[in-house]
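*Asks:* Questions regarding the structure given below will be posed in turn.
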Amino acid sequence: METMELAKKICKAADDKKAVNILTMDMRGLMFSTDYFVICSAPTATQARAIADSIEEELDAENIHFSHKEGYNEGEWILLDYGDVVAHIFKNENREYYALEKLWGDAKITSYEG
């Protein structure tokens, strides 16, 4: 599967659970370990976990499995590492605090329009 197609599937699964401010960051040329970040937000830790569950279930159904998951229990910043694509699911205030969009300001950003 193409990496951009994988990123779009992650965006759709997040959107299905009402994630907000979903975007894709093109990390090619900026990082060696991944091609895209998918970033989204949720108002609560419960919703952040529901978004992570949706992504995991959608991709598992296509036999695509993450290699690493962090932050699920806390639900403040959940990371799902699919190798070439990494999903970051933040509670709203943590997304503002960590500001990955600013940290990686050279990355091309594409908003998801579901």
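The values are calculated or read from the model by the stated rules, or taken from the named source; none is laboratory data. Only a predicted model underlies this, so the values are computations on that prediction, with no experimental measurement involved. Positions of Cβ are backbone-derived with ideal geometry, glycine not excepted, and every protein chain shown enters the neighbour counts. Just so you know, the surface numbers come from the protein's heavy atoms only, side chains and all, with ligands and any DNA or RNA stripped out. Shrake-Rupley method; radii C 1.70, N 1.55, O 1.52, S 1.80 Å.
*Asks:* Of all the residues that make up the range 85-110, how many are open to solvent by 40 Å² or more (accessible area, probe 1.4 Å) and under 12 Å from the mean Cα position of the chain (by Cα)?
*Replies:* Looking only at that region, the number is 0.
*Asks:* Using beta carbons and a limit of 7 Å, which pairs, at least six apart or on different chains, have the first residue in the range 57-80 and under 14 Å from Ala42 (Cβ atoms) and open to solvent by 60 Å² or more (accessible area, probe 1.4 Å) and the second one of a type in the set (S, T, N, Q) and not in a loop (DSSP other than H, G, I, E, B)?
*Replies:* Listed by first residue and then by second, the contacts come to Glu76/Asn94; Trp77/Asn94.
*Asks:* Looking at the range 9-29 only, could you name the residues that are under 10 Å from the mean Cα position of the chain (by Cα) and of a type outside the set (A, V, I, L, M)?
*Replies:* Across the range 9-29, the qualifying residues are Cys11, Thr24.
*Asks:* Here's a follow-up. Within the range 1-29, how many residues turn out to be in a loop (DSSP other than H, G, I, E, B), modelled with pLDDT of 95 or more and not charged (D, E, K, R)? Let's see the steps before the verdict.
*Replies:* As a first pass, look at the range 1-29 and keep what is in a loop (DSSP other than H, G, I, E, B): 1-2, 17-19, 27, 29.
Narrowing the set further to residues that are modelled with pLDDT of 95 or more leaves 17-19, 27.
Narrowing the set further to residues that are not charged (D, E, K, R) leaves 19, 27.
Residues that pass the stated criteria total 2.
*Asks:* Also, I was wondering about something else. Among what's in the range 30-47 and is within 13 Å of the chain's Cα centre (by Cα) and assigned to a loop (DSSP other than H, G, I, E, B), pick the residue that is farthest from Phe66 (Cα to Cα). Spell out how you get there, then give the answer.
*Replies:* So the first thing to find is which residues in the range 30-47 are within 13 Å of the chain's Cα centre (by Cα), and the list is 34-42.
Then drop every residue that is not assigned to a loop (DSSP other than H, G, I, E, B), which leaves 34-35.
Numbers: Thr34: 13, Asp35: 15 Å.
Out of the qualifying residues, it is Asp35.
*Asks:* Continuing with the same structure: Return yes when Ile10 is in contact (Cβ under 8 Å) with a residue 12 or more places away in the chain, of a type outside the set (Phe, Trp, Tyr) and surrounded by 21 or more Cβ atoms within 10 Å (Cβ to Cβ) and no when it is not. Explain how you work it out, then say what you get.
*Replies:* On the way: in contact (Cβ under 8 Å) with a residue 12 or more places away in the chain: yes; of a type outside the set (Phe, Trp, Tyr): yes; surrounded by 21 or more Cβ atoms within 10 Å (Cβ to Cβ): yes.
It is true that Ile10 is in contact (Cβ under 8 Å) with a residue 12 or more places away in the chain, of a type outside the set (Phe, Trp, Tyr) and surrounded by 21 or more Cβ atoms within 10 Å (Cβ to Cβ).
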